[in-house]
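Values quoted throughout were computed directly from the atomic coordinates according to the rules given, and no laboratory measurement underlies them. Fair warning: this is a prediction, and the values are worked out from it, not measured in the lab. Because the Cβ atoms are built from the backbone with ideal geometry, glycine has one as well, and the counts that use them run over all protein chains shown.
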Amino acid sequence: MMGLDSNLVLWGWLAFGVVSSVVWNLSLRQVMKGEHDEAAAGTASNFLTILFTVPFILLLGANFSFRDDFSLSSVPAIAWLACILGAGASVVFTYLTFKASKVVDASERAIFSRLNVFWALIFAAALLGESITPAKLAAVALIFLASALSVYKTQISKWKTEGLQLVVIGAAFSAGTAIASKYGVGLMPPFVFAIFESTLLTLGLCLLMRQNALGRSIAALRRHPLDILINGLAGATFYAASLVAFTLLPASTVVPVMATAVVLTAIAGGLLLHEKEGWLQKVVAALLAVVGVWLISGA
């Protein structure tokens, strides 16, 4: 059983990851506001994430970067496969999200994409052998409800089913990325996994862009230098915090806790935009998220 200090450090990393995710979400909104080449902006941000991830994880020490006795030849083939599958799942998730954005309302997309927490439970149990207790299942249900409530728009008069299958499948690939990360960092230093997976992801995104990926990414960076810089830095800190959390906690705990960032993003966005409506549902969502995290912390 972990001591109090260990638990504080562990949950401190999770909190750091959640806050980083909120900053990432908010800065991404700024980047995409009026941006005509979303793929290029996303690729530019991901490239900066790689650059920022390198020094960040190196500062965490030898256990997270390179040990004296470490060699790439010692990494089992299945770990490299997890790295490739993680990057591939992330590319597919990005592609499906982009396709869905053309036909699915943003609010509906935001709600159904939160199904990734349930996919994470299923994959963690089936592929990693993690135990899923009734308390953890209840916690995940509460966190999902909190996330959905925080982004729900009362203006939605009629739900559309067209394209929602893309969002649901995309949520599965998003969870698959997390499961691959959890498995991979158990077999190689997180630094090694992060660099290879992020590089493969960037290459995959460039392939999706097809034409002039480098030129378009540089142009997007010039249009939004500060916002993309912040987005890349937030992405790196979130990614590093997630990898550290995956080395210490089950994926079925890390993914749902990180998902509470949606609730905080909705609250922060409302404050920044001086919104006067929807605060009751945001407060209720926050309370549900707190109860969910409390339940999952003891599950």
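Here the peptides 143-151, 115-123 are ranked by packing, the mean other Cβ count within 10 Å, and the order with the highest first is 143-151, 115-123. Set against the labelled values (1) 0.97; (2) 1.85; (3) 1.15, Cα Rg over 2.2 N^0.38 Å computed from this structure falls on (1). Taking θ as phi - 60° and the Karplus parameters 6.51, -1.76 and 1.60, the scalar couplings of region 227-243 work out to 5, 5, 4, 5, 4, x, 5, 5, x, 5, 5, 5, 5, 5, 4, 5, 5 Hz in sequence order, x denoting glycine and proline. Computing FRET efficiency as 1/(1 + (r/R0)^6) for K102 and S297, where r is the C-beta to C-beta distance and R0 is 41 Å, gives about 0.55.
Computed from the C-beta positions of L203 and L137 and an R0 of 45 Å, the FRET efficiency is 0.75 to the nearest 0.05.
Take the chain and mark each of the GluC sites (Glu not before Pro) that is in a DSSP loop with at most 11 other Cβ atoms within 10 Å; the longest unmarked stretch, sites excluded, is 1-161.
Hey, got the dipole for region 4-297? About the Cα centre, +1 on K and R Cβ, -1 on D and E Cβ, debye to the nearest 20?
660 debye
Of the trypsin sites (Lys or Arg not before Pro) found in region 169-238, those in coil by DSSP whose Cβ has at most 14 other Cβ atoms within 10 Å are R210. Exposure proxy ranking for F56, F191, based on other Cβ atoms within 10 angstrom of each Cβ and starting from the fewest, stands as F56, F191. About the centre of its Cα atoms, region 185-299 shows a dipole size close to 320 debye [charges on the beta carbon of Lys, Arg (+1) and Asp, Glu (-1) only; nearest 20 debye]. Need the C-alpha centroid separation for region 236-266 versus region 33-57, integer Å. Distance between centres, Cα-based: 19 Å.
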